[in-house]
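Working notes for the structure below.
The values are calculated or read from the model by the stated rules, or taken from the named source; none is laboratory data. For clarity, every value in this text was computed on a predicted model and none was experimentally measured. All Cβ positions, even for glycine, are placed from backbone atoms using ideal geometry, and neighbour counts span all protein chains on display. For accessibility, only protein heavy atoms count, side chains too; no ligands or nucleic acids. Shrake-Rupley method; radii C 1.70, N 1.55, O 1.52, S 1.80 Å.
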Amino acid sequence: MPLTFTRRFRVRYYECDAHRILTNANYLRYMQEAAFDASADVGYDEDEYLKLGSFWLIRETEISFFKPLRSNDLVDVVTWVDDFRRVRSRRIYEFRLPPTNELVGKAVTDWAYLDRKTGRPKEIPDEMVSAFVRSGEEILSKPRTRFPRNNNPPKEAYFVHRKVEWRDIDSAQHVNNAVYLAYFEDCGIQAAKEYGWEMKRLQNLGVGIVGRKHHILYRQPALLEDELEIATWLSDFKKSTVTRNYVLKRLSDNEILGQSTSLYALIDLNSGKPTNFPATFRKDLNANTKCD
């Protein structure tokens, strides 16, 4: 069995969206806090990393949501290290409801170990690896899921521009990983509005669009006052689900900073159960849907 760590959170009102559901970005914040605490629990807190002149940076995240969390819910984030490579490590997270231990979400992050001065990958010390595993246990490197290729936005893509603001920056002096997801979701909302489906229209129909799964790739950090362009388009339309793709680039050099492939579902706001997209929704969003 892996060496697990559990951090309990109470969902705060201000962490929820207009549907009173915990926002997807705040799941990522819970994961980050749980990972920091798990590291500190085995002797590697922030001060220790400062002494070592190193830090961890998230390179990739996959997260799936099975049941929404609402204001005042208690949730246990159970986390453990799944593997180590020379300069990278994969961590697993489970979101469980006490006292039943019901699984309501699951995620994995691929972390890179970096030199604090150069920002370059740094080999993970053997003693650090030993600290994160049970005595006598060996953690082997496991295969990764390759991120889908979607570097080039199609002609159907919708674009928004934004500037990185001070509130987006974390203590590592770059845009926090959870903020990338907030950027993406804001872009998706603006795109839907552009094609006639603002959030109010959906609410008037008694339905809402919620995230079911995100696969996010962080390619480079976004920095304060960077001018950004986010492209988004739909694909794989089903009766009650659709995939929205995102590509985030820095305008000064056209470098791609991040990408996401995100699965969304339409739900009935009263029952919380999936419901079919209205025919007019699919017709109106056709202009933002990549042709196969």
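Please give the Cα centre distance for the range 130-203 versus the range 214-292, rounded to the nearest Å.
Spelled out, the Cα-based centre of one part sits 10 Å from the other.
Longer than 31 Å from Cα to Cα, which of Lys117/Lys290; Lys106/Lys273; Lys67/Lys117; Lys163/Lys290 are they? Say none if no pair is.
In this structure, Lys117/Lys290; Lys67/Lys117 exceed 31 Å between Cα atoms.
With n ≥ 4 as the cut-off for DSSP H runs, can you work out [θ] at 222 nm for the chain, using -39500 (n - 2.57) per run divided by the number of residues, rounded to the nearest 500? Intermediate results must be reported in sequence, preceding the final value.
Details: 6 runs with 61 residues, N = 292.
Result for the chain, helices only: -6000 deg cm²/dmol.
Accessible area per residue for the range 61-195 in Å², computed with a 1.4 Å probe and the full protein assembly in place, what is it?
Ligands and nucleic acids excluded, the figure is 55 Å² per residue.
Just to be sure I understand, if you calculate Cα extents along the principal axes in Å for this structure, which of [x] 59, 50, 35; [y] 69, 69, 31; [z] 54, 44, 34 do you get?
Given [x] 59, 50, 35; [y] 69, 69, 31; [z] 54, 44, 34, the structure-derived one carries the label [x].
Counting only protein heavy atoms and a 1.4 Å probe, tell me what percentage of the range 1-80's accessible area is made up of carbon and sulfur.
The value for the range 1-80 is 49 percent carbon and sulfur by accessible area.
Return one number: the angle in degrees, 0 to 90 and rounded to the nearest 10, between the long axis of the Cα atoms of helix 177-194 and the longest principal axis of the Cα atoms of the chain.
0
In the chain, with Lys and Arg counted as +1 and Asp and Glu as -1 at Cβ, which of these residues, Thr289, Val87, Phe147, has the Cα nearest the positive end of the dipole, that is, farthest along it?
My answer, from the dipole projection, is Thr289.
Does anyone have the angle between helix 24-41 and the longest principal axis of the chain? Alpha-carbon axes, 0 to 90°, nearest 10?
Helix 24-41 sits at roughly 0 degrees to that axis.
Place a +1 charge on the Cβ of each Lys and Arg in the chain and a -1 charge on the Cβ of each Asp and Glu, then give the dipole magnitude about the Cα centre in debye, rounded to the nearest 20.
Charge dipole, the chain, about its Cα centre: 1000 debye, nearest 20.
If you roll a 1.4 Å probe over the range 146-292 with all protein chains in place, what percent of the accessible area is carbon or sulfur?
47
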